[in-house]
Amino acid sequence: MTLLLISFALLLLVGLPIALAMLGSSLLVIGLEGVPLSLVAQRVVTGVQSFPLLAIPLFTLAGSLMNDSGISERLFGFTRAAIGHIRGGVAHTAVVGEVFLSGISGSSVADCSALSRVFGAEFRRSGIGAGFGAALCAIAATLGPIIPPSTLMVIYAWQANISLGDLFWAGIFPGLLMAGGMMAVVAYVARKRQFPREERGFAWSNLKTAFREAFWALMMPVLILGGFRAGFFTATEIAGVAAFYSLLVGLFIYRTLKWSHIPAILLQTAKETAVILLIVAAASPFSWFIGVAEMPQVLSTALTQATDKPWVVLLLLNVVLLVLGCFMETIAIMIILVPILIPVLNQFHIDLVHFGIVLLVNLTIGQVHPPVGVLLFVSSSVAKVRFGEIVREVWPFLGMLVVVLAILTYVPAVSVWLPYALK
């Protein structure tokens, strides 16, 4: 076990991609143990032979079709007509628009790119400031994995062997709580810095026009969650329905998606899916050896000897996840840690749906925390803002997310009330 972890860390330090580092360390240890190396190939193949994982490429395709067809711009237009007139209205519009956007794409990186593309110039023109706006785009995009659907939810539900539908419903209230916290920070900064108001005030006629233009985009989250609740689709089938709906809306209703764009979208979807599933496949032999070495049992025993209080275990896990999130890629953390943690969570009778939301919020904080902070880099690149400017503006939002994480950790009802009430 020690050799596995040391070799994995060394391979990462020399710059090897996370998937190859896991595969290389697994090959080394399994080979030294005298186990046939054919086992590695078998584990790699079986690691991705899972029906729920089909949702990953389909949700990725739905997000790509949505971004190319202009659905995101219509969603933002609707939210701007509703709340754009208040102080710092453009910033509030970005947050509320992301709530709707998260119910379609399920990808924080795609959402961050869309937000930065649409609002980058707006933040400069409105007097809010490019640095604050770019930081807000990165922070708002953390709603992508929390508000369903979400590719990270698909992976966690598959690993923990729990209902993906329960996890979808569990993410709604936490996502809204995060969005409310973001808007509170925006309101405070807007008042402190005296952000300007839009000269054009609220008008029902503008809201009605924006609603008509965004209607088909707004119906997508309703279709996804309503279809699932009514039992028309399974959680995996919803991903296919979302992709097909995005295609129809883009091609035949909004007519902004061109047939000539489809090959490039499919190619991009294949690339993004390959990155995710390569990590999943490479982690299978890695996780298998961790299980054989009884690492989960060792960790469970150590925690049991240290404490008998679930709240202390959750506190320790939050600290570990926050630290790892600063330096490691989100999916890699999930793939490596979840199989180890599941027996520990069961030992302390911690609800797996509740912990799934806590885990996802931890990982999204890592996406906006230096030095890795992938969403900060995406926002910086798309909005053409220096990375240092974004980092200076992101700290109040990070503090808010940590407060929300504490609430979600120690008030499980915020996460689990809705999925259990719907059963």
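What helices (runs of 4 or more DSSP H), lying completely within segment 231-313, carry at least 2 residues that are over 13 Å from Ser64 (Cβ atoms), at pLDDT below 80 and of a type in the set (S, T, N, Q)? Passing ranges, in order: 262-292, 295-306. With respect to Leu359, determine if the residue is crowded, with 21+ Cβ neighbours inside 10 Å, part of a helix (DSSP H, G or I) and out of contact with any helix residue (DSSP H, G or I) (no Cβ under 6 Å at 6 or more places or on another chain). In short, yes. Contact map, segment 177-196: residues that are under 16 Å from Thr142 (Cα atoms) and touching a residue at least 60 places away in the same chain (Cβ under 8 Å) paired with residues that are in a loop (DSSP other than H, G, I, E, B) and not hydrophobic (A, V, I, L, M, F, W, C), Cβ distance under 8 Å, separation 6+ or inter-chain. Pairs shown: Val186/Gly88. Within segment 395-418, at least one residue is outside any helix (DSSP H, G or I) and not hydrophobic (A, V, I, L, M, F, W, C). For segment 101-137, the tally of residues that are among the basic types (Lys, Arg) and free of Cβ contacts under 8 Å to residues at least 40 places away in the same chain stands at 2.
Going by the structure shown, is Asn67 closer than 19 Å to Ala243 by Cβ, among the polar types (S, T, N, Q) and under 20 Å from the mean Cα position of the chain (by Cα)?
Details: closer than 19 Å to Ala243 by Cβ: yes; among the polar types (S, T, N, Q): yes; under 20 Å from the mean Cα position of the chain (by Cα): yes.
Against the criterion (closer than 19 Å to Ala243 by Cβ, among the polar types (S, T, N, Q) and under 20 Å from the mean Cα position of the chain (by Cα)), Asn67 qualifies.
When the residues of segment 362-393 are filtered to those that are assigned to a helix (DSSP H, G or I) and of a type in the set (Gly, Ala, Ser), which remaining residue is surrounded by the most Cβ atoms within 10 Å (Cβ to Cβ)?
Just the residues of segment 362-393 that are assigned to a helix (DSSP H, G or I), to begin with: 362-367, 374-383, 387-393.
If we keep only those that are of a type in the set (Gly, Ala, Ser) as well, we get 366, 379-381, 383, 388.
Working: Gly366: 24, Ser379: 30, Ser380: 23, Ser381: 14, Ala383: 26, Gly388: 11.
Result: Ser379.
Return yes or no: is Leu136 within 20 Å of Ile83 (Cβ to Cβ) and not charged (D, E, K, R)? Criteria met by Leu136. Out of segment 32-60, which residues are crowded, with 23+ Cβ neighbours inside 10 Å and hydroxyl-bearing (Ser, Thr, Tyr)? Scanning segment 32-60 gives a single hit, Thr60. For segment 136-164, which positions are under 17 Å from Phe355 (Cβ atoms) and more than 15 Å from the chain's Cα centre (by Cα)? Across segment 136-164, the qualifying residues are Trp158, Gln159, Ala160, Asn161, Ile162, Ser163.
Before we move on, is Ser205 polar (S, T, N, Q), without any contact (Cβ under 8 Å) to a residue 12 or more places away in the chain and either buried (at least 22 other Cβ atoms within 10 Å of the Cβ) or farther than 30 Å from Val48 by Cα (or both)?
On the way: polar (S, T, N, Q): yes; without any contact (Cβ under 8 Å) to a residue 12 or more places away in the chain: yes; either buried (at least 22 other Cβ atoms within 10 Å of the Cβ) or farther than 30 Å from Val48 by Cα (or both): yes.
Yes.
The values are calculated or read from the model by the stated rules, or taken from the named source; none is laboratory data. Owing to the predicted nature of the structure, the values given are computational and were not obtained by experimental measurement. Ideal geometry is used to build each Cβ from the backbone, glycine not excepted, and the neighbour counts take in all protein chains shown.
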